[in-house]
Ligand code: SF4
């Protein structure tokens, strides 16, 4: 199923229209704005998440899957949780959800915000404290950027928690812009053509990593977080700067979009429409084997 196929878009819209509306909403949506603008934004995010879930086969068959939804306290992870709960509430996501925050011991991390938010909204959750911050600051010099090691340690703990909670998948709030920035980081600095997959199996092959917001725009998630009045936890508490390279990619992509609107969509579409025969990777396309397919000259003239 292709997300850019108008028929797919229409069927996701039809499903949303048929799903329960109005007062029948998850408690998280009780006091949201009733404006047309907000409703359109909410529906767009729901439709895009629903399409990513369908297109990349995130909900397998068999028993009801159980997803561990990583909640950092940033706008994207709050948006992810709200969108998944909304889809589930409407009967469009047959999955058990458990939110998880890993408190990594960053100085001044406001420990009360997430448990209070989750309890207030009746969301099953697990809060875990693991002081990876001290490990990172012990191992790296003050001038290093911490993010790479910090993320690896976090991911390891989240996999473990997913196993302990009997979850099939770890669900992350990465969105369209995260994917495009990673694409250009790999292209410009890594010498490889790769982005951030919407669905990935971990090395141990026991936890799937899912990114249902792969088609959602960061701007939409920011507007959604503001309208929903999520209690955002600032992401710079650790004092580390995320890579300057990533920020440069973000600025470059934003500049391209400003000068030629619609390019972000086109680039995401390109990632779903790859022609190995028109690239140069012999691992994924057998250029030498083309000779076997070529017709001998005498056959052409018959
Ligand atoms: S910004 Fe801080 S908490 Fe976030 S990944 Fe980087 S080091 Fe870790």
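Provide the three semi-axes, in whole Å and in decreasing order, of the ellipsoid equivalent to the stretch 99-253 as defined by the square roots of 5 times the Cα gyration tensor eigenvalues. If you can, show how the numbers build up before the last one.
On the way: eigenvalues 117, 82, 72 Å².
Rounded to whole Å, the semi-axes are 24, 20, 19.
Would you look at the GNM of the chain, springs on alpha carbons closer than 10 Å, and say which of 270, 70, 214 moves the most?
Ranking 270, 70, 214 by mean-square fluctuation puts 270 first.
Tell me, Kirkwood radius of the stretch 163-265 from alpha-carbon pair distances, in Å?
Numbers: mean 1/r = 0.0635 Å⁻¹.
The answer is 15.8 Å.
How many percent of Cα pairs in the stretch 176-234 exceed 15 Å? Before the final figure, lay out the partial values.
Values: 1105 of 1711 pairs.
The answer is 65 percent, as a whole percent.
Please compute the length gained on full extension between residue 256 and residue 193, using 0.36 nm multiplied by the number of residues separating them and subtracting their Cα-Cα distance.
Details: separation 63, 0.36 × 63 = 22.68 nm, distance 1.93 nm.
Extra length available between residue 256 and residue 193 comes to 20.7 nm.
How large is Rg over Rh for the stretch 220-280, taking Rg from the Cα atoms and Rh as the Kirkwood inverse mean of 1/r across Cα pairs? Display every interim value, and only then the final one.
Numbers: Rg = 16.6 Å, Rh = 15.0 Å.
Taking Rg over the Kirkwood Rh, I get 1.11.
Scattering from the C-alpha atoms of the stretch 35-77 alone, worked out with Debye: what is log10 I(q)/I(0) at q = 0.14, 0.25, 0.31, 0.35 1/Å?
Debye output, listed in q order: -0.50, -1.01, -1.03, -1.06.
Find how much the distance from residue 134 to residue 283 grows on full extension, using 0.36 nm per residue of separation minus their present alpha carbon separation; answer in nm with one decimal. Show your work: numbers first, answer last.
On the way: separation 149, 0.36 × 149 = 53.64 nm, distance 4.13 nm.
Taking residue 134 through residue 283 to full extension adds about 49.5 nm, to one decimal.
So for the chain, averaging the separation of alpha carbon pairs under 8 Å that are six or more residues apart and normalising by length, what relative contact order in percent results? Please report the intermediate quantities before stating the final value.
On the way: 375 pairs, mean separation 62.1, N = 302.
Relative contact order here is 21 percent.
Would you work out if the stretch 6-276 is rounded, prolate or oblate? Take a ≥ b ≥ c from the square roots of the eigenvalues of the alpha-carbon gyration tensor; rounded if a/c is under 1.5, else prolate when a/b is larger than b/c, oblate otherwise.
Numbers: a/c = 1.42, a/b = 1.13, b/c = 1.26.
Judged from the Cα gyration tensor, the stretch 6-276 comes out rounded (a/c under 1.5).
Which three lengths, in whole Å and largest first, does the stretch 107-146 cover when its Cα atoms are put on their principal axes?
Over the stretch 107-146, Cα extents along the principal axes are 42, 15, 12 Å.
Considering only 281, 168, 131, give the residue with the highest GNM mean-square fluctuation for the chain, with springs between Cα atoms whenever their separation is below 10 Å.
Highest fluctuation among the options: 281.
Given R₀ = 51 Å, what would the calculated FRET efficiency be for residue 236 paired with residue 298, taking r from the Cβ atoms and rounding to 0.05?
With a Förster radius of 51 Å, E is 0.15.
Count the DSSP beta bridges whose two residues both fall in the chain, then state the antiparallel fraction as a percent rounded to the nearest 5. The partial results should precede the final answer.
Values: 3 of 19 bridges.
Bridges in the chain are about 15 percent antiparallel.
What is the extension gain from residue 248 to residue 113, computed as 0.36 nm multiplied by their sequence separation minus the C-alpha to C-alpha distance, in nm to one decimal?
Details: separation 135, 0.36 × 135 = 48.60 nm, distance 3.17 nm.
Here the answer is 45.4 nm.
If you take the Cα atoms of the stretch 248-299, find Rg, then find the Kirkwood Rh from the mean of 1/r over all pairs, what is Rg/Rh?
Details: Rg = 18.3 Å, Rh = 14.3 Å.
Value, to two decimals: 1.28.
Let me have the 222 nm mean residue ellipticity of the chain computed from DSSP H runs of 4+ only, each contributing -39500 (n - 2.57), with the sum over all residues rounded to the nearest 500.
Numbers: 12 runs with 137 residues, N = 302.
Taking each H run of at least 4 residues, the total per residue is -14000 deg cm²/dmol.
Based on the alpha-carbon gyration tensor of the stretch 114-182 and its eigenvalue square roots a ≥ b ≥ c, which shape applies: rounded if a/c is under 1.5, prolate if not and a/b is larger than b/c, or oblate?
Numbers: a/c = 1.84, a/b = 1.41, b/c = 1.30.
Verdict is prolate for the stretch 114-182.
Values quoted throughout were computed directly from the atomic coordinates according to the rules given, and no laboratory measurement underlies them. Treat the numbers as computed from the prediction; the structure is a model and nothing was measured. Methodologically, a virtual Cβ is constructed for each residue, glycine included, from the backbone with ideal geometry; neighbour enumeration extends over all protein chains shown.
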